[in-house]
Amino acid sequence: QVQLVESGGGLVQPGGSLRLSCSASGSGFWLYTMAWYRQTQGKQRELVAALSTGGAPDYAESVKGRFTISRDNAKSTVGLQMSSLKAEDTAVYYCNAKHVFQTYWGQGTQVTVSS
């Protein structure tokens with residue numbers, strides 16, 4: 001069982017930066033592919049970025065060059081550095097852990113990009 005807790009959301013102006021963090025409890029963090037998803041009202045949850053241990057990061061086209069995913073297996077954390085934020089980045093961001101048939105979600109953190 002893995003529990004995920006996100007932090008770092010908030011209100012930021014267009015063009016600004018924000019860093020999200022996700023802390024995981026439970027064993028075997030390094031086994032999981034960690035990812036960030038986001039969801040806006042009325043739309044499906046979409047993958048933002050994903051990173052497995054020893055793998056290359058995978059990004060949605062809409063965030064390439066602006067967002068950076070990172071993980072620290074020793075601390076069981078995954079981060080999402082978001083830069084050059086746009087209004088369309090406004091969403092609830094969810095941390096996700098996946099390994100074989102096991103998938104876990106955090107409770108989500110709101111990111112609002114607005115002037």
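Taking only protein heavy atoms into account and a 1.4 Å probe, give the accessible area per residue of segment 19-58 in Å². Please list the in-between numbers first.
Values: 2250 Å² over 40 residues.
With the other protein chains kept in place, segment 19-58 gives 56 Å² per residue.
Once you keep just the Cα pairs under 8 angstrom separated by 6 or more residues, what percentage relative contact order results for the chain?
Working: 274 pairs, mean separation 42.3, N = 115.
Relative contact order, the chain: 37 percent.
Among residues other than L31 whose Cβ falls under 14 Å from its Cβ, what is the net charge (Lys/Arg +1, Asp/Glu -1)? Display every interim value, and only then the final one.
Numbers: positive: R71, K98; negative: none.
For residues surrounding L31, the net value is +2.
Which percent of the accessible heavy-atom area of the chain goes to carbon and sulfur, probe 1.4 angstrom?
Accessible surface attributable to carbon and sulfur in the chain totals 49 percent.
Using a basic spin-label model with each label point 7 Å from the Cα along Cα→Cβ, how many nm lie between W105 and A87?
Result for the modelled spin labels: 2.8 nm.
Placing unit charges on C-beta atoms (Lys and Arg positive, Asp and Glu negative, everything else neutral), compute the dipole magnitude of the chain about its Cα centre in debye, rounded to 20. List each step's numbers first, then the result.
Values: 10 positive and 7 negative charges, 6 e Å.
Here the size comes out at about 20 debye.
Between R66 and R19, with labels modelled 7 Å along Cα→Cβ, what's the label distance in nm to one decimal, could you check?
2.0 nm
With a 10 Å radius around each residue's Cβ, average the other Cβ atoms per peptide and rank 77-83, 10-16, 23-29, 91-97, highest first.
On the way: 77-83: 20.7, 10-16: 12.7, 23-29: 15.3, 91-97: 22.3.
Per-residue Cβ counts within 10 Å, averaged per peptide and sorted highest first, yield 91-97, 77-83, 23-29, 10-16.
Does the chain come out rounded, prolate or oblate, given a ≥ b ≥ c as the square roots of the eigenvalues of its C-alpha gyration tensor, rounded meaning a/c under 1.5 and, failing that, prolate meaning a/b above b/c?
On the way: a/c = 1.81, a/b = 1.66, b/c = 1.09.
Since a/c reaches 1.5 and a/b is larger than b/c, the shape of the chain is classed as prolate.
If you plug each phi of segment 12-27 into the Karplus form 6.51 cos²θ - 1.76 cosθ + 1.60 with θ = phi - 60°, what whole-Hz ³J(HN,Hα) values come out, in order, with x for Gly and Pro?
9, 7, x, x, x, 10, 7, 10, 9, 10, 9, 10, 10, 10, x, 9
The values are calculated or read from the model by the stated rules, or taken from the named source; none is laboratory data. A quick note: this is a predicted structure, and the numbers were derived from the prediction, not measured. Every residue, glycine among them, receives a Cβ derived from its backbone with ideal geometry; neighbour counts consider all protein chains shown. Protein only, heavy atoms only, side chains kept; ligands, DNA and RNA dropped before computing areas. Shrake-Rupley method; radii C 1.70, N 1.55, O 1.52, S 1.80 Å.
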